[in-house]
1. What helices (runs of 4 or more DSSP H), lying completely within region 120-196, carry at least 3 residues that are more than 22 Å from residue 80 (Cα to Cα)?
2. May I ask you to say which residue of 68, 93 is out of contact with any helix residue (DSSP H, G or I) (no Cβ under 6 Å at 6 or more places or on another chain) and either crowded, with 20+ Cβ neighbours inside 10 Å or not assigned by TED's automatic domain parsing to the domain that holds residue 164 (or both)?
3. Taking residue 41, is it within 14 Å of the chain's Cα centre (by Cα), farther than 15 Å from residue 147 by Cα and in contact (Cβ under 8 Å) with a residue 40 or more places away in the chain?
4. Within region 79-114, which residues are more than 30 Å from residue 133 (Cα to Cα) and assigned to a loop (DSSP other than H, G, I, E, B)?
5. If you go through region 179-207, how many residues are surrounded by fewer than 14 Cβ atoms within 10 Å (Cβ to Cβ) and touching a strand residue (DSSP E or B) at 6+ places or on another chain (Cβ under 6 Å)?
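The values are calculated or read from the model by the stated rules, or taken from the named source; none is laboratory data. In this text the structure is predicted, and so the values were computed from the model without any measurement. Reconstructed Cβ throughout: ideal geometry from the backbone, glycine too, with neighbour counts over all protein chains shown.
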């Protein structure tokens, strides 16, 4: 008895499935999921340094894998607590002052991207016991870098903040654009943004694998998978 099913193909008026589906071969322009490809870079640890390293590497064109055993912003991480102060005051060290300022800008920009407040501008007061110490060096450095800073006499400071004590102070240095990062929230946001931009975040233990001299060639995750980059 003839079959009532119509064959696929031109004679039936129906198009054939793509060759790649028939043979299970992927087209040349197929982009495999990250888990099926060898990453360009593996970052172990999704704290502040790890999450931002992974995000910037991904933005720079490197296919990046980020691994953390407990997740981003977890309480075991040194950068995963509720808040961390961000201030540019570092005495004579202009490099650290610039780094802190750039970090502040990037955290604010990330907050705008993800729609969350990650940095709270609260200002920081520095109490100077003498005129030629850390605070005076900081004032000079920040002024030269055009980072807002204000020197106040003790009486000016207590007029603005009556709760402080001014005994023994030479002056007070106010850094108005300093503040604090909502650290746990911020690190988690950086990791989420990394994934949105095409990176892979894997929740797994990682330990060193094969090495070639001083160069680490692979890491091994908790399931025994060897990951090369």
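1. Values: elements: 134-144, 154-160, 183-196.
It comes to 134-144, 154-160.
2. Just a single option satisfies the conditions, and that option is 68.
3. Working: within 14 Å of the chain's Cα centre (by Cα): no; farther than 15 Å from residue 147 by Cα: yes; in contact (Cβ under 8 Å) with a residue 40 or more places away in the chain: yes.
In short, no.
4. Those that are more than 30 Å from residue 133 (Cα to Cα) and assigned to a loop (DSSP other than H, G, I, E, B): 80, 81, 82.
5. So the answer is 1.
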